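Written below as structure tokens is the structure these notes are about.
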Amino acid sequence: MAAEALKEVYPSWWGFSPALDLQEHCLQSTIRHMSSTEDDIPELHILLVGGGDARHLLKTICQARRWPRRRLHFYIIESDLELLTRHILFLNLALENPEQMGLQEKSELFLEIFGNSLIRSQTAVYLQEKCDFFIRCVTDPDYQERINPSISLTDIKFRERDELESIFKFWQMPESRLFPIERYWDVKNREILGRRYDSRRGAYDWDLTMKLHERGAGAISSTDYNRWREKGVAFVIREGIYDVSNKTLSSHMSVLNRSGRVRARGYWGDIITSPYIAFGIETEEKSLLKTVNGVFAKSAQDISQYNIISLFHELITGQRYTVPAACNPDSASTKPGHIFPSSSLEESCKESKDVTNGTHSNDEQETASKTTSFIPLNNVKIHFLPISSVVDLHRKSKYHNLFNILYFSCNMVHHLTSAHKLMSAQKATLILELTKFMVDLQAEKIKSYVSIVTKVAKESGFTTTETIDWKRDSFAKFERVDDLEGQTSGL
């Protein structure tokens, strides 16, 4: 099976690759074979296995109006229920009504919860206040459908609903001592570094310059990366005290103690690669990627902030975000919180009254906003599936020949089998995340991983569409081979 070393799955709080607009990476042959509804609107069914942090989901939704009108159906499978709770949190945050939460506040809140082990007290209060709503949603799917019909939790099993409720109740508890993430972080840091712990700054610099920078993540500054490696705080956008444990990063893992194996709560995620990869190393705003004497003028934190603002702006207005001349990144202050002045953001959001991912009348929008307090998404449906679906989804006939795009993270690619060809539509696109930005893997293993996943994809009924460069590419793309083609090629 693929990548034996990756089979021990830990929570992927953030991905090991930049966010994708999945429609942009969908093969043209896949587009030509999409099915259509009775009203002649093409349907695109997307299976996301192990996405981890909702980055691909959010980017695809926010940029949906760049493409011809389609109905988008997302099916989400994760390795841990804690990851599903973060999906629910980030989706609801992204869809918060702009009249209730401004664009800059929303983007800053997103990044803080997304990538920080420690958050501000006001952010902790926001999480605690939202938990009652989340609990109502997971325990009453009908209520969820009414209040935010673009998200469906109906497929989640009752046992998993109970556990989701328990996770949200844990988030709701104000006591930080219940999740001392600073201690967990330090213990994990000591375990990984061993004798290098006392000279850990040198170890951080080596991982950053000789690995992340060499692999294409040059925008990550040593100041930001060292702060994150030391304390787990990636984004310091607002001035304030970051001293409350981010309970959304807590999860359970089976560990060995004197009594045998027990289920223990702790921090089991990444402390080496960093949250900057997801949104902080690629951007459409090329001025943010300029270098001065070989050093990036803007940091991965700046790029992440711009990208999230851009996505949320496009979700609200349907228009690509452009920085007003008065606050162009070339001349803007790099002081946290002042890269993109809030007044400019608020004005740009007022340029459009269309807050849907499709077409609604103004009356419908106003009614929906007052009733649900969420941005209504037209032609989008997000289905959360049980954890066990990763191995038994093919047993349900309704999923046969359904998925036009299948995505597997590098932590979940070992679940890819020939059963997924049964579930994929004709000429479906398969996207597999590569291990380019896994800092703890040496170049030889990254290179060999490409050969491994290519073999697994072939055995599962998919063939490569282009040459995969292990030094350049974060993803590998494949196309489903029709049965007739497979028989012909075997002659």
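Of all helices (runs of 4 or more DSSP H) completely enclosed by region 73-180, which ones contain at least 3 residues that are in contact (Cβ under 8 Å) with a residue 40 or more places away in the chain and open to solvent by less than 20 Å² (accessible area, probe 1.4 Å)?
Fully inside region 73-180 and qualifying: 81-94, 103-115, 121-139, 158-172.
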Next on the checklist: Can you confirm whether K427 is at positive phi, touching a residue at least 60 places away in the same chain (Cβ under 8 Å) and touching a His at 6+ places or on another chain (Cβ under 9 Å)?
Outcome noted: yes
Considering region 372-398, residues that are in contact (Cβ under 8 Å) with a residue 40 or more places away in the chain and assigned to a helix (DSSP H, G or I), and then whichever is surrounded by the fewest Cβ atoms within 10 Å (Cβ to Cβ), we arrive at T372
Expected single match for in a loop (DSSP other than H, G, I, E, B), modelled with pLDDT of 95 or more and not basic (K, R) among E239, E282 is E282
Expected output for region 262-286 (first residue farther than 25 Å from R215 by Cα and surrounded by fewer than 18 Cβ atoms within 10 Å (Cβ to Cβ), partner modelled with pLDDT under 95 and not charged (D, E, K, R), Cβ below 6 Å, 6+ apart or cross-chain) is R263/H252; R263/S254; A264/V255; R265/H252
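For region 455-467, which residues satisfy the criterion of being open to solvent by less than 100 Å² (accessible area, probe 1.4 Å) and free of Cβ contacts under 8 Å to residues at least 24 places away in the same chain?
Across region 455-467, the qualifying residues are T463, T464.
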Of (1) at pLDDT below 95; (2) of a type in the set (A, V, I, L, M); (3) part of a helix (DSSP H, G or I); (4) surrounded by 13 or more Cβ atoms within 10 Å (Cβ to Cβ), A332 satisfies every one except (3)
Does S259 meet the test of being open to solvent by 50 Å² or more (accessible area, probe 1.4 Å) and either touching a residue at least 24 places away in the same chain (Cβ under 8 Å) or over 24 Å from V439 (Cβ atoms) (or both)?
-> yes
Within region 407-424, the residues that are open to solvent by less than 30 Å² (accessible area, probe 1.4 Å) and touching a His at 6+ places or on another chain (Cβ under 6 Å) are A419, M423
The lone condition T435 fails out of (1) assigned to a loop (DSSP other than H, G, I, E, B); (2) modelled with pLDDT of 95 or more; (3) surrounded by fewer than 23 Cβ atoms within 10 Å (Cβ to Cβ); (4) of a type in the set (S, T, N, Q) is (3)
### Query
Is it the case that some residue within region 451-472 is under 26 Å from I192 (Cα atoms) and in contact with a strand residue (DSSP E or B) (Cβ under 8 Å, 6 or more places away or on another chain)?
no
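The values are calculated or read from the model by the stated rules, or taken from the named source; none is laboratory data. This is a predicted model, so every value here is computed, not measured. Virtual Cβ from ideal backbone geometry, glycine too; neighbours counted across all protein chains shown. All accessible areas refer to the heavy atoms of the entire protein, side chains included, with ligands and DNA or RNA removed. Shrake-Rupley method; radii C 1.70, N 1.55, O 1.52, S 1.80 Å.
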